[in-house]
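Working notes, structure below.
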Amino acid sequence: MAVARGSVSLLQGFRHVCNKNRSKLPSINCNGLPSRYQRCQYASTQGLDLDEERPQFPGSTKAQFTLSMDFHLPEETPGIPVYRVMDGEGRILDPSHDPQLSKDTVLEMYRKMVMLSTMDGILYNAQRQGRISFYMTNYGEEGTHIGSAAALDPRDMAFGQYREAGVFLWRGYTLDDFMNQCFSNDLDYNKGRAFPVNFGSKEHNFATYSSPLATQMPHASGAAYALKRAGTGLCVVCYFGDGAASEGDAHAAFNFAATLDCPVIFFCRNNGYAISTPTSEQYRGDGIASRGSGYGMATIRVDGNDTFAVYNVTKAARQMCVTENRPVLIEAMTYRIGDHSTSDDSSAYRTRDEVDHYRGNSPITRLQRYLLHQGWWDMQQETDYRGQAKQQVMEAFRAGEARKKPPLSDLLTDVYDTMEPHLAKQTQDMLNHVHHNKEQYPTTDMFTVEK
């Protein structure tokens with residue numbers, strides 16, 4: 001048997017997948033990688049059966065030689081199936097896939113989804129009235145939030161795009177917290193310095209949103225790598241949309257996570273639109289899930305309007321992450337019923353009939369039907385709870401709106417340990433301005449020139 005000699009780089013050029021031929025290569029040892037990556041190195045094919053010869057290129061570990069010149073055409077590749085548990089009427093299709101959640105848990109999931117929808121309606125209208133500057137609704141995607149959040153450990157670190165308010169709600173972020181952030185008042189976690197709806201909370205293990213698309217994705221891979229090194233037994237979940245998947249940061253995040261075996265769940269909310277760009281113009285492949293295998297990630301596609309299906313796949317994905325230290329890609333197929341944001345008018349690029357079609361298959365409607373079938377809910381309870389939800393949201397809304405703005409003393413803090421001279425000068429200029437225009441600044445502290 002001939003074994004390549006010379007430099008390490010030359011030796012690496014002769015890697016060979018030889019599990020079938022281990023007995024013929026007794027002097028070759030595997031390199032100790034996880035079993036799914038193991039391959040023996042430095043072996044040639046001399047002495048092996050021609051039928052067992054494999055390509056010896058380091059760029060592919062599973063390829064075989066062929067004499068057929070066949071191009072792999074995406075239009076001829078079967079689509080990745082969509083996993084579901086319930087049909088559109090809220091009926092369990094296969095009892096073996098029923099997550100067997102308790103009545104109290106399912107009711108809590110439903111109430112959180114209704115509360116989120118109620119809050120969306122009030123804050124959307126508030127922006128139209130000029131009472132807040134900006135808002136983004138979550139209509140149609142509530143099931144992706146609540147189903148996934150319920151399946152995670154609340155200590156798992158979460159990174160979001162900007163449309164995952166339901167995850168915050170499930171983790172205990174209060175209505176007051178939402179209002180304080182949207183009004184940028186003195187109780188806002190971010191001290192009034194973040195864009196509206198850019199929620200974040202260390203207490204709830206959720207990194208603050210960053211408006212530019214996909215910037216959270218490489219951060220999530222890095223955080224997952226750190227959790228693995230620390231041996232915490234936790235994972236990271238990274239939410240993003242189909243539009244964000246077109247950003248370069250998505251590629252970097254996927255590749256780092258796969259090659260470094262990071263315990264991260266990449267959760268794609270494929271809602272059909274990247275602002276006004278439909279998926280038909282966003283990509284040509286079979287959605288986002290089709291990219292997973294190319295990066296070496298376990299991948300699944302799920303009905304994002306089926307809260308139980310989302311729960312099941314997220315729970316299973318988390319188990320894979322923490323036990324095998326590997327990334328998982330989930331593509332949740334859903335639909336954005338609302339406008340992209342209060343800066344958008346979606347009637348300019350889609351029809352009302354299209355929106356109404358998907359509205360009738362929303363995750364809230366489907367879970368409500370399940371509860372009715374089970375006898376755990378009735379329409380009187382529905383009416384009563386929606387009234388209670390509106391009252392609770394309005395109470396928090398009025399309280400948040402009434403509070404003063406954050407102290408101006410926070411404006412230039414939390415960056416440097418000792419304020420830099422140029423910032424000190426800017427602070428003094430600001431103090432002078434505020435001192436002469438006090439009536440324009442209803443903050444919780446009022447500067448004096450000496451302060």
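The values are calculated or read from the model by the stated rules, or taken from the named source; none is laboratory data. These numbers come from a predicted model, not from an experiment. Cβ coordinates were reconstructed from backbone atoms using ideal geometry, including for glycine residues, and neighbour counts include every protein chain displayed.
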| field | Conditions (1) surrounded by 13 or more Cβ atoms within 10 Å (Cβ to Cβ); (2) under 30 Å from ARG193 (Cβ atoms): number failed by ASP417 | value | (1)
| request: Tell me, yes or no, whether the range 172-191 has at least one residue that is within 15 Å of the chain's Cα centre (by Cα) and surrounded by fewer than 23 Cβ atoms within 10 Å (Cβ to Cβ). | output: no
| note | Residue hits (the range 378-387; under 17 Å from ASP120 (Cα atoms) and surrounded by 14 or more Cβ atoms within 10 Å (Cβ to Cβ)) are TYR385, ARG386
| request: List every residue pair whose Cβ atoms lie under 9 Å apart, where the two residues are 6 or more positions apart in sequence or sit on different chains, the first residue falls within the range 117-136 and is without any contact (Cβ under 8 Å) to a residue 60 or more places away in the chain and in the same structural domain as PHE183 (by TED's automatic domain parsing), and the second residue, located anywhere, is crowded, with 18+ Cβ neighbours inside 10 Å and among the aromatic types (Phe, Trp, Tyr). | output: GLY121/TYR139
| Hey, does the range 137-144 have a residue that's in contact (Cβ under 8 Å) with a residue 40 or more places away in the chain, closer than 26 Å to SER290 by Cα, surrounded by 13 or more Cβ atoms within 10 Å (Cβ to Cβ) and of a type in the set (Asp, Glu)? | yes
| field | Residues being assigned to a loop (DSSP other than H, G, I, E, B) and surrounded by 17 or more Cβ atoms within 10 Å (Cβ to Cβ) - total across the range 337-360 | value | 6
| Residue in the range 390-435 that is farthest from LEU123 (Cα to Cα), counting only those that are acidic (Asp, Glu) and part of a loop (DSSP other than H, G, I, E, B) | GLU420
| Single match in ASP286, ASP261 (criterion: assigned by TED's automatic domain parsing to the domain that holds THR118, at negative phi and of a type in the set (D, E, K, R)) | ASP286
| query | Mind checking whether some residue in the range 203-216 is modelled with pLDDT of 95 or more, assigned to a helix (DSSP H, G or I) and either in contact with a Leu (Cβ under 9 Å, 6 or more places away or on another chain) or assigned by TED's automatic domain parsing to the domain that holds THR314 (or both)? | reply | yes
| said: Considering only the range 223-246, I want to know if a residue exists there that is surrounded by fewer than 18 Cβ atoms within 10 Å (Cβ to Cβ), of a type in the set (Ser, Thr, Tyr) and part of a loop (DSSP other than H, G, I, E, B). | reply: yes
| field | Number of positions in the range 232-257 that are aliphatic (A, V, I, L, M), under 25 Å from THR277 (Cβ atoms) and out of contact with any Phe, Trp or Tyr (no Cβ under 9 Å at 6 or more places or on another chain) | value | 2
| request: Would you confirm whether any residue within the range 417-425 is out of contact with any helix residue (DSSP H, G or I) (no Cβ under 8 Å at 6 or more places or on another chain), among the small types (Gly, Ala, Ser) and not assigned by TED's automatic domain parsing to the domain that holds MET115? | output: yes
